[in-house]
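Please read the structure below before turning to the comments.
The values are calculated or read from the model by the stated rules, or taken from the named source; none is laboratory data. Source: prediction; values computed, not measured. Note that we place each Cβ from the backbone using ideal geometry, even for glycine, and neighbour counts take in every protein chain shown. Protein only, heavy atoms only, side chains kept; ligands, DNA and RNA dropped before computing areas. Shrake-Rupley method; radii C 1.70, N 1.55, O 1.52, S 1.80 Å.
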Amino acid sequence: MYASREDIGYDFGDDSKVRSKPIKPNPNIDGGWAWMIVLSSFLVHILIMGSQMALGILNMEWLEEFNQSRGLTAWVSSLSMGITLIVGPFIGLFISMCGCRTTALIGGILNALGWILSAYASNVHYLFLTFGLTAGIGSGMVYLPAVVMVGQYFQKRRALAQGLSTTGTGFGAFLMTALLKYLCTEFGWRNAMFIQGAISLNLCVCGALMRPLSPKDLREKYVVRSESEENRGKALSHSTETVKSNGVLGEETEQKEEAANEEVLGSVQHTETGGKSGSGRSMYGLRLFKTVSQLTVTVRKGFALWYSSYFGAASLFTNRVFVAFIIWALFAYSSFVIPFIHLPEIVKQYNLSRQDNIFPLTSIIAIVHIFGKVILGIISDLPCISTWNVFLMANFTLVTCILTLPLMQTYVGLAVICALIGFSSGYFSLMPVVTEDLVGTKNLANAYGIIICANGISALFGPPFAGWIYDITQKYDFSFYIAGLLYMVGIIFLLIQPCIQKKQPREKSTEEAQV
């Protein structure tokens, strides 16, 4: 249950005055423009994550065009997926300095440029640079702001909002698979990539919709959530308090720095107004100096916030459950990506192309994935249900499906497993919620950047590894078995750390009682 606004106050200073006044929330939080943010994030997931889940179509075209091994060709898709996520921590720095809107606009242009340049590829190595690197970095610069903005605009219905926005991945995988298959058949893969680049320019429109909240609204939302998190997350509270307490203390130093910076800029403005009688050249110099000073202050403040989150006293790595979450992310994502990249080839090997052309297995994953995200989001928002438990149950289901998939050699059997993979992978909508519960709203951008970076490493090495295993054994079976076992190791880390966190306070209390 969430605490009422009247009951919430700050935990330091003279809080009697604060508690006497109810907090007036921004009407755009949990409503109003917040739903436009959900729409923007939904479209971003269609254009970025959906397109990446449809890369199996282009992968087959590249195999025929360049006659390279499956392991080498798979690097093109995995580079694009991996770099999209790996650049997360560095995109967090961009967001700290420029904001989500500017970062997304730049990323939309880079992503479209990567698709268009890839249409002129003469070999696989050219695609590494244009599609893997350029389009991948652009995708990352749009994807992280889209997730962070939904977290900033929602308080009570976070899981549902993230679930609705991330269903774009399922819609996108379904739509982009059909679109790329049609474009490749009618116009060839080069023209298909050129057209897709033009479509990707719509990411700039999505970025323009990411209207930032004022610092005052963010502070009020942080106060409301900090109280509610104590009531909802007892299992995770011990690891979260360290990061939060350091974050509160850090705000005082930030305010002092802001005051000092305002004094410097104010003196420059005073000099500018006082020297109007001077020459136009000196006025231009003063304006230029003021602009550079403001830019320097913004960059320093953004870098300080980014650096302190990773390496300072309030480092996210002091949170043991969060570190276990990172280890899980290093193994998890490849288990979801490998089927999308290699299923078209598996279907061809089993002579199931006729059935797959009627209803592709990747489309089954994509469609059920949509319902999985929404349903798991709704279940997690119920007051009697723990988001963490729902997250773990979905992970157990997915790893079971990955280990079972090689045993299925009929279309019906593969379709059932793919449907289960699609539904259980709906836990992706819970990842921002779980991350926010672990580290708080203030550190969400940097923390989620680390998580998707770990996912990116998983996506980067997963498909090439599966292709390399196939080149050796002429089977994909061992690829799924190894990926599933590594995934299980990550889940075990998630189970162990909360238990350790629970035991530590009990051990301390018993020691104090003995003393």
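Laid out as a table, the results:
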read-out: Of the criteria (1) at pLDDT 75 or above; (2) not assigned by the TED database to the domain that holds TRP328, which one TYR481 fails; value: (2)
read-out: Odd one out for GLY413, checked against (1) buried (at least 22 other Cβ atoms within 10 Å of the Cβ); (2) small (Gly, Ala, Ser); (3) without any contact (Cβ under 8 Å) to a residue 24 or more places away in the chain; value: (1)
read-out: Elements of type helices (runs of 4 or more DSSP H) in segment 65-147, at least 1 residues being open to solvent by 10 Å² or more (accessible area, probe 1.4 Å) and of a type in the set (D, E, K, R); value: 70-86, 100-118
read-out: Residues that are in contact with a Cys (Cβ under 6 Å, 6 or more places away or on another chain) and open to solvent by less than 10 Å² (accessible area, probe 1.4 Å), drawn from segment 328-368; value: LEU361, ILE365
read-out: Residues satisfying the stated conditions in segment 447-463, i.e. farther than 18 Å from THR166 by Cβ and open to solvent by less than 10 Å² (accessible area, probe 1.4 Å); value: GLY462, PRO463
read-out: Number of positions in segment 182-204 that are closer than 24 Å to PHE359 by Cβ, surrounded by 18 or more Cβ atoms within 10 Å (Cβ to Cβ) and of a type outside the set (Phe, Trp, Tyr); value: 4
read-out: Sole residue being surrounded by fewer than 24 Cβ atoms within 10 Å (Cβ to Cβ) and modelled with pLDDT under 75, chosen from ILE472, ILE492, ILE500; value: ILE500
read-out: Evaluation of PHE325 against (1) at pLDDT 85 or above; (2) open to solvent by 20 Å² or more (accessible area, probe 1.4 Å) (one fails), failing number; value: (2)
read-out: Where VAL374 falls short, out of the listed (1) touching a Ser or Thr at 6+ places or on another chain (Cβ under 9 Å); (2) open to solvent by less than 20 Å² (accessible area, probe 1.4 Å); value: (2)
read-out: When residues of segment 155-165 are limited to those that are modelled with pLDDT of 80 or more and surrounded by 24 or more Cβ atoms within 10 Å (Cβ to Cβ), the one nearest to MET49 (Cα to Cα); value: SER165
